[in-house]
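Written below as structure tokens is the structure these notes are about.
Read-outs: derived from the displayed coordinates by stated rules, not from any lab. This one's a predicted model, so the numbers in the text were calculated from it and none came from an experiment. With ideal geometry, Cβ positions are generated from the backbone for all residues, glycine too; neighbour counts draw on all protein chains shown.
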Ligand code: EPZ
């Protein structure tokens, strides 16, 4: 298993290009199942999760071609041969469950393995099931698989979700595009990735209003046609790299970044003493003087502070002046980066969903272990600011969500390299 060696060496300066959003691409790809005509995605990120989704769609009979070094995905689901999403694939990536809604809508049946837990939580699917049952689907759990069917098609309905689940919103919206009649989804998630999905579905002929708000209305149509869609910029990659100059000092421009994608996050960076300026090419981030100031953070559904940036923000707070309280309200176990940061000298006290961080003058490089995607990159950020060498192991987690992380950080002056190992 490869590892990454980071050596702390002071301020960073330059530009980092931000890729297309992993979490948008992972819901846009299953949308191909809704139509017999080709769906092409541009600005797709080059990530292992995208390869996993490609394999899943191909196992269902879809054609998926990765073109232009992986930045274009040309897909066609004209002849589907299966409606089963196998455990072997789903267990590796929870987002595989996003084929459930489209398959139900297109084929009237779907068999999708429950994803099983992952490092950050149990990841149940009750909200997906309730939403699709509201459309008339019959879903039962057997041998670890969800067996869903809608023999006489799906029927539009009014449904209020108990929690604004991103994935359940995506499954519901995709299924409702081909349902008979009108669907009104209340307490819908408002993430930019959902707005991007709706914009793509609209290009395919879907009739949808209200994306980005808590109420989304979908008028079912008989069929959807093909389209070409550009994947929205990845706001989590954007926020992650905004923290590089914040934790090291210097000034970095994040190409493709927009304030609208990271509003709540930028408010916290400003409060910590970091300047963020929107340019015609992206977002320019600078920390000009001294240590950042500790701020409190609570993760919430969009437009609140994103849970996917909590681990990275904790790394910054480890070096801040003062004490920061970070409350993780979305997932039940998303502080696994804390013990690893403590190996680098961080002072963190974790109680349930709350981590109290007392900032220290400087972190010390150390061997640390990545436990999940966002934890892995928070350790790299800490290593950039630490004195000495940090070796982050198990970087396969990183490859799921960050393309060319070494090249992008080297490009702004970081001392970072990937250590190959055949293990
Ligand atoms: C999406 O996961 C993202 N993944 C996650 O990003 C992100 O952290 C999460 O949304 C929250 O923003 C993709 O888009 C592929 P949820 P999702 O359904 O859809 C509970 C990353 O790092 N829940 O909004 O699975 C759930 O357990 C990943 O890129 C239920 O209880 O998130 C969690 O506690 C990690 N029942 C909370 O809701 C359900 O049926 C939020 O889950 C569904 C979810």
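Numbers at a glance
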| quantity | calculated |
| --- | --- |
| Counting DSSP beta bridges with both ends in the chain, the antiparallel % (nearest 5) | 70 |
| Between region 20-98 and region 296-356, the Cα center-to-center distance that results, in Å | 32 |
| Residue 225 paired with residue 1, simple spin-label distance in nm, labels 7 Å along Cα-to-beta-carbon | 4.9 |
| Point-to-point label distance, residue 323-residue 277, nm (Cα→Cβ direction, 7 Å offset) | 3.6 |
| Residue exposure sequence - 280, 86, 372 - by fewest surrounding Cβ within 10 Å | 280, 86, 372 |
| FRET efficiency, residue 347 to residue 270 (Cβ-Cβ, R0 30 Å, nearest 0.05) | 0.75 |
| Full-stretch length increase - residue 68, residue 358 - with 0.36 nm per residue and alpha-carbon distance subtracted | 99.8 nm |
| Ellipticity estimate at 222 nm from DSSP helix runs (n ≥ 4, -39,500 (n - 2.57)) divided over the chain, nearest 500 | -8000 deg cm²/dmol |
| Fewest-first sequence of 87, 396, 402 by Cβ atoms within 10 Å of each Cβ | 396, 87, 402 |
| Burial ordering of 204, 242, fewest other beta-carbon atoms within 10 Å first | 204, 242 |
| Amide N proximity, region 86-126 versus residue 133 label position 7 Å along Cα-to-Cβ, cut-off under 20 Å | 97-105, 108-116, 123-126 |
| Kirkwood Rh and Cα Rg combined as Rg over Rh, evaluated for the chain | 0.98 |
| Length released on extending from residue 158 to residue 407, taking residue separation times 0.36 nm less the Cα-Cα span | 84.9 nm |
| Linear extension gain, residue 420 paired with residue 13, 0.36 nm per residue minus alpha-carbon span | 143.8 nm |
| Relative contact order of region 22-230, defined on C-alpha pairs under 8 angstrom at six or more residues apart (%) | 21 |
| Cα-projected label distance for residue 180 with residue 215, points at 7 Å along beta-carbon direction, nm | 2.6 |
